[in-house]
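The values are calculated or read from the model by the stated rules, or taken from the named source; none is laboratory data. Small disclaimer: the values here were computed from a predicted structure and weren't measured. Heads up, the Cβs are rebuilt from the backbone with ideal geometry, glycines too, and the neighbour counts pull from every protein chain shown.
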Amino acid sequence: QLQLVESGGGLVQAGGSLRLSCAASGRTFSSYAMGWFRQAPGKEREFVAAISWSGGSTYYADFVKGRFTISRDNANNTVYLQMNSLKPEGTAVYYCAAAPQRYILTHSSEYDYWGQGTQVTVSS
């Protein structure tokens, strides 16, 4: 199976930036579409961003377009989420996910593997 470990979360002021990393092991990383999701207290897990096998296609939730960037480094089996202009409503646990598909997936039920999550807290 594929194992995913997120890192890079923490406390940041509104308007600041964080870069989340997701390190993968156990399978050929380039064969998986990757995604980022987040879940705030009392809310459902929601889609944030996704990237295809090759990295040639990306897709973002409306609430992060223009501020977040997803990328992948297949040589190092890592996917990133660069988060700029962070807002307090972005406070949540952020999860990395993977699926053995060539195309982008945007719903949590479509993903097969998940990391443990990393906490992001955005203060005012």
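What do you reckon, is Ser21 among the hydroxyl-bearing types (Ser, Thr, Tyr), more than 24 Å from Ser123 (Cβ to Cβ) and not in a loop (DSSP other than H, G, I, E, B)?
Taking the combined requirement at face value, the residue does not satisfy it.
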Fill in: Residue list for the range 100-121, filter: buried (at least 20 other Cβ atoms within 10 Å of the Cβ) and either over 21 Å from Val5 (Cβ atoms) or at pLDDT below 95 (or both)
Leu105
Fill in: Where Ile51 falls short, out of the listed (1) closer than 20 Å to Thr121 by Cα; (2) hydrophobic (A, V, I, L, M, F, W, C); (3) within 12 Å of the chain's Cα centre (by Cα)
(1)
Worksheet item: Within the range 41-84, restricting attention to residues that are of a type in the set (Phe, Trp, Tyr) and not in a loop (DSSP other than H, G, I, E, B), which residue is surrounded by the most Cβ atoms within 10 Å (Cβ to Cβ)?
Response: Phe68
Worksheet item: In the range 17-30, how many are surrounded by 14 or more Cβ atoms within 10 Å (Cβ to Cβ) and over 24 Å from Arg67 (Cα atoms)?
Response: 3
Practice prompt. Please enumerate the residues belonging to the range 86-104 that are in a loop (DSSP other than H, G, I, E, B) and out of contact with any Gly (no Cβ under 6 Å at 6 or more places or on another chain).
Written response: Lys87, Thr91, Pro100, Gln101, Arg102, Tyr103, Ile104
Worksheet item: Taking the range 44-62 only, how many residues are under 23 Å from Pro88 (Cβ atoms), out of contact with any Ser or Thr (no Cβ under 9 Å at 6 or more places or on another chain) and touching a residue at least 40 places away in the same chain (Cβ under 8 Å)?
Response: 1
Discussion item. List the residue pairs whose Cβ atoms are under 9 Å apart, where the first residue sits in the range 80-109 and is basic (Lys, Arg), the second is modelled with pLDDT of 95 or more, and the two are 6 or more positions apart or on different chains.
Written reply: Lys87/Ala14; Lys87/Gly15; Lys87/Phe63; Lys87/Arg67; Lys87/Val122
